[in-house]
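The values are calculated or read from the model by the stated rules, or taken from the named source; none is laboratory data. Here the structure is a predicted model, which means the values were calculated and not measured. Because the Cβ atoms are built from the backbone with ideal geometry, glycine has one as well, and the counts that use them run over all protein chains shown.
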Amino acid sequence: MEKALFWDFDGTLVYPDKKWSPALFYALQKNQCEISIEKIRQYLQSCYTWNTPEISYLENTGQKWWDKFFTNLETFYNCSKLPREKIKKVNLDFKNKILDCKNYTLYENAEAVLRKCTEAGYKNYILSNNFPELPDVIKDLGLAQYFTDYFVSANIGYEKPRTEIFQHALKTAQFPKICFMIGDNPVADIQGGKSAGMKTILVHTNDVTSGADYQCENLPEIPVISSVCPQSRLLCGQTLHFLANEPTVRRLRKCFF
């Protein structure tokens, strides 16, 4: 029986450090342009496609996603009086910073958890609202061996929680009989996953109103969930830190780690 885990990336496998604003701040400073990081942060909010998931962009995926992103930045550059001859270099330095795997810090045990899930017979997939080259960053982080495929919004044209991106992922994965969506965002990951008919695991976020089937504080608890009851929803709505008090789950945890 096919079993699959669909993983979010930022805030789930890597720490949710603010990368985009510091990356643009760095690129501007490198090119002798002084603009406050707060001003940068405020404007970038209007550029992220994941902030407007109701808008699809099937014609602007892959490299065209970046083209559209940088077009949206031109208004900011003009208001900030950035010399036009510097724009191309700033954009290149900014993008290179975003694509540098050294800017991403894996959660402790992230690789060990992925390995254990693979050994337990699950196929791992990335399902992330992110830039087109995310698979390359994951490869540079040394995790590519654990993933069967990658579903990244900028390569598909839909953002989570849109049902379309989940259905695309499920169809490509051949509709596994057992599947979980794992993420830290109650809306994008949990509501989106549930709308697509997936079991859901909320990680690193304590939100009892999220509607997640399971909640866990740390990644090593995820193999416990998937092994306790992979085919039923009897334990839905309970948080793993509560389940961890049960002797059965404690024994299972010892089996994994």
Considering residues that are over 12 Å from the mean Cα position of the chain (by Cα), among the polar types (S, T, N, Q) and farther than 21 Å from G121 by Cα, the number found within the range 174-214 is 6
Got a sec? Which of Y214, Y158 is at pLDDT 65 or above, in contact with a Ser or Thr (Cβ under 6 Å, 6 or more places away or on another chain) and among the aromatic types (F, W, Y)?
Y158
Before we move on, is L141 at pLDDT 95 or above and surrounded by 14 or more Cβ atoms within 10 Å (Cβ to Cβ)?
yes
Checking F147 against (1) in contact with a Lys or Arg (Cβ under 7 Å, 6 or more places away or on another chain); (2) surrounded by fewer than 19 Cβ atoms within 10 Å (Cβ to Cβ); (3) of a type in the set (F, W, Y): exactly one of these is not met. Which one?
(1)
Residues of the range 122-144 satisfying the condition of being in contact with a strand residue (DSSP E or B) (Cβ under 7 Å, 6 or more places away or on another chain) and not in a helix (DSSP H, G or I)
Y122, K123, N124, Y125, I126, L127, S128, N130, P132, L141
Let me confirm something: among G237, G183, which residue is within 25 Å of A112 (Cβ to Cβ) and either at pLDDT below 90 or crowded, with 18+ Cβ neighbours inside 10 Å (or both)?
G183
